[in-house]
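Okay, so here's the structure we're looking at.
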Amino acid sequence: MTAPPPWRSSAFNYMTDIFKGTGAAFTSVDARRSFGAPRINTVSGVRPIIRLRGAQSDDKSTMKPTQTTTSQQSSPTMPRTTFPDKLKAYVARTFEDCPLDAKPEVEAELKRIITNAFNEKIVWTVDWEEMPLPQVMLATRKAAEKQDKSRATSDSPTKSFGKFNLHEKKRKNEETSTSSKVNGFEKRSRNDSSFTASTDKLSQREKEKRAKRFANDNISSSSVSPYRPMSTQKTADPEAPLVGRCMNLEKKYFRLTSDPDPENVRPLYILEKTLELLKKKWRTEQNYSYICDQFKSLRQDLTVQHIKSDFTVTVYEIHARIALEKGDLGEYNQCQSQLASLYDEGLKGHEEEFKAYRILYLLHTCNRSDMNEILANLTPADKKHHPIQHALEVRSVLAIGNYHRFFRLYLEAPGMGGYLMDSFVVRERMAALACICRSYRPDIDIRFLTEELGFESDTECVTFLCDNGAQAFIQQKSGDKGLPNSIRFEANKAASIFEEAKKQAFKKVDIKGQM
């Protein structure tokens, strides 16, 4: 009969044993059975010294050992329990990012997995590197329990790992008579032949009853690919690209939590038609929520099929431009990161245009390290393109504080550069106003501010000042005949307001910009 795993002892923490690699979970101690002369330890050859109370008394019942001076050693015949190095690494991965609230449940699942492996004597043959983590099994099991219970599962095979089912639950064995009592607990015999023989004796009605009772177990088992022994050969190449079979032009985006299903993935020629449809809908409807969802689904289908071509570059470029137009810097940043890797692989697209956008985006995020890297990688040929020249000049004027030239460049931005500059132009207006308030006294004309700060009208300039708490410093001046002829801004009095606004604007930068 197989000995129970060592962690079934209540005083043994099996995970500590795995990490420390101590082997046996306890130290064997020879029991003293008489009050005669102490026996010599056969391992160390040392006679243990026992100090007794009441040494002058002849009554042996009063003699009690109080202390031993020699440490007992393990019996040489006691087998040591060892664990594979891959199992230790598996346990380490399990608790690497495990939340504290989920730790008890994960520990219980981990204990059940290793216990089953020891019981079936396959702990050394299991490929622990390919085994899914306990939290993955728990999440899949919970998701499977929510599925439609009316789904027919009696014919679906239950995948197993070695000789035990990964999702097997403890249950009373009412159908078989091959149970035996071991240490007071009933265990079903794992003899394959006896189990098969008893199953064959079941009636068809009992088999159907059993299938219904364990429907959830079958669903959970069939929905998870359990870990497998190292000797098992893969039947399919996991690196082979998937080819979709879905014919729908429109499909909602869903984040993948398992291997993609070819029935839900569109092939390349369908994706090309989808792109044309999305471009038409964007021109006519301008529904960004819908367009963004469809483009993410389109990008996902390209990714799972390992499609990297000029068409892939076109998809990411169009999605990036639409995201910039709507100010969705988070989605734009995802597109530009993927475009950088596609350009590095030699695929053709509008590389110079998006390099310029990259420089402007780094100005928004104040990311100096990445800015230095992209400037070092620019070639003389790149610097001849107008979008890159414009972006480099924007960087230069911001570095020296030339806000006059900066707002001229803002109004002259090529392509979608103006949308990117919109993300940090308010911050630069705060800095420019703080400089103007220190320089111009006692007041200045609103028209001057409109032209210097790149506003489209005086009304927009006044609205900006009022929104930042400077409405009390806007005065309307009258001419000689008493008619209002100009609107003046008392810059000297508003200096403290915009100095504080400048500090707050540069204090925190939203580097993601997610809508």
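Placing unit charges on C-beta atoms (Lys and Arg positive, Asp and Glu negative, everything else neutral), compute the dipole magnitude of the range 354-500 about its Cα centre in debye, rounded to 20.
Computed about the Cα centre, the dipole is about 340 debye.
Divide the volume of the convex hull of the Cα atoms of the range 352-479 by its number of residues and quote the answer in cubic angstrom per residue.
Working: hull volume 14.8 nm³, N = 128.
Normalising the Cα hull of the range 352-479 by residue number yields 116 Å³.
Residue by residue, the range 381-388 carries 3J(HN,Hα) couplings of 5, 4, 6, 8, 7, 4, x, 6 Hz when phi is fed to the Karplus relation 6.51 cos²θ - 1.76 cosθ + 1.60 (θ = phi - 60°); x denotes Gly or Pro.
Taking Lys and Arg as +1 and Asp and Glu as -1, the other residues whose beta-carbon sits under 13 Å from that of S457 total -3. Computed with a 1.4 Å probe on the full set of protein chains, the accessible area for R395 sits at about 90 Å². Of the whole protein surface, C246 contributes about 10 Å² of accessible area at a 1.4 Å probe radius. Here the 3J(HN,Hα) profile of the range 397-403, calculated from phi with Karplus coefficients 6.51, -1.76 and 1.60 at θ = phi - 60°, is 5, 5, 5, 9, x, 8, 5 Hz, Gly and Pro shown as x.
Quick one: divide the alpha-carbon radius of gyration of the range 284-361 by 2.2 N^0.38 Å and tell me what you get.
Here the answer is 1.06, to two decimals.
In the structure shown, the pairs K355/K507; K281/K503; K280/K348; K86/K142 are assessed against 31 Å; a Cα-Cα span above that value is assigned to K281/K503.
Annotation: amide H-H contacts under 5 Å for R266 (H modelled 1.01 Å from N, sequence separation of 5 or more, or interchain): C246.
Ordered by 1.4 Å accessible area with all protein chains kept, D445, D97 run largest first as D97, D445.
The alpha carbon radius of gyration of the range 308-409, expressed as a multiple of 2.2 N^0.38 Å, is 1.09.
The values are calculated or read from the model by the stated rules, or taken from the named source; none is laboratory data. Since this is a predicted model, take the numbers as computed values, not measurements. For neighbour counting, all protein chains shown are included, and Cβ atoms are generated from backbone atoms with ideal geometry for every residue, glycine included. Note: areas computed on protein heavy atoms with side chains; ligands, DNA, RNA excluded. Shrake-Rupley method; radii C 1.70, N 1.55, O 1.52, S 1.80 Å.
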